[in-house]
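Heads up, the thing below is written out as structure tokens.
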Amino acid sequence: MSNISYPKYKKKIWKKQNGKCAITNVELILPNDTKYKTINNNYKASIDRIDSSKSYTIDNVQFLSATMNYLKMDMKNDDVMEFIDIIKNLYIK
């Protein structure tokens, strides 16, 4: 597996996700965008390991919003989605 530090792999993942968060589907802003410093973390792109017990490889990373990455920590995507559903059911009736 290739180490994800290589920019071409990040570009491939970015294109695969259409520049959107893998969990929330919001459009993300990359650090090289002039808006990056002025927007909140819900829209800032952040690299996340899908399985936190494994290393940063092309088959184990995804782009998330910085907020979602912080929330997810070492949780699995399915666990995050379950948590989001719990919150949604509390507030959306």
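From the protein chains alone at 1.4 Å, what is the descending order of accessible area for F63, F83, largest first?
F83, F63
Computed with every protein chain present, the accessible area of E27 is close to 130 Å² [probe 1.4 Å].
S46 contributes about 30 Å² of solvent-accessible surface, heavy atoms of the protein only, 1.4 Å probe.
In deg cm²/dmol and to the nearest 500, what is the mean residue ellipticity at 222 nm of the chain if only DSSP H runs of at least 4 residues count, each as -39500 (n - 2.57), divided by the residue total? If you can, show how the numbers build up before the last one.
Working: 3 runs with 32 residues, N = 93.
Counting only the DSSP helices, I get -10500 deg cm²/dmol.
For the chain, what's the relative contact order in percent, using C-alpha pairs closer than 8 Å and at least 6 residues apart?
On the way: 113 pairs, mean separation 26.2, N = 93.
Taking the mean separation of contacting Cα pairs over the length of the chain, I get 28 percent.
Treating cross-link reach as a plain straight distance, find the lysines whose alpha-carbon is under 17 Å from the alpha-carbon of K12, omitting any fewer than eight places away in the same chain. Partners found: K20.
Please go through the residue pairs K15/K93; K37/K93; K8/K76 and name each one whose alpha carbons sit more than 31 Å apart in this structure.
On the way: K15/K93 35 Å; K37/K93 35 Å; K8/K76 26 Å.
Flagged as over cut-off: K15/K93; K37/K93.
Ordered by solvent-accessible area of protein heavy atoms (1.4 Å probe), largest first, the residues D59, D48, D78 come out as D78, D59, D48. Using only side-chain charges placed at the Cβ, +1 for Lys and Arg and -1 for Asp and Glu, the dipole size of the chain relative to its Cα centre rounds to 480 debye.
Between I87 and N25, residue separation times 0.36 nm minus the direct Cα-Cα distance comes to 20.6 nm.
In this label model, N18 and S55 are separated by 3.3 nm, measuring between points 7 Å along each Cα→Cβ vector.
I'd like the antiparallel share, as a percent to the nearest 5, of DSSP beta bridges with both residues in region 1-90.
Values: 7 of 8 bridges.
Of the beta bridges lying entirely in region 1-90, close to 90 percent run antiparallel.
Heavy-atom accessible surface of region 9-93, averaged per residue, reaches 72 Å², computed with a 1.4 Å probe.
The portion of the accessible surface of the chain made up by carbon and sulfur, rounded to a whole percent, is 53 (1.4 Å probe; DNA, RNA and ligands excluded).
The values are calculated or read from the model by the stated rules, or taken from the named source; none is laboratory data. Note that the coordinates shown come from a computational prediction; the quantities given were computed from them, not determined experimentally. Backbone-built Cβ (ideal geometry, glycine too); neighbour counts: all protein chains shown. Please note that ligands, DNA and RNA were not included when accessible areas were found on the heavy atoms of the full protein model with its side chains. Shrake-Rupley method; radii C 1.70, N 1.55, O 1.52, S 1.80 Å.
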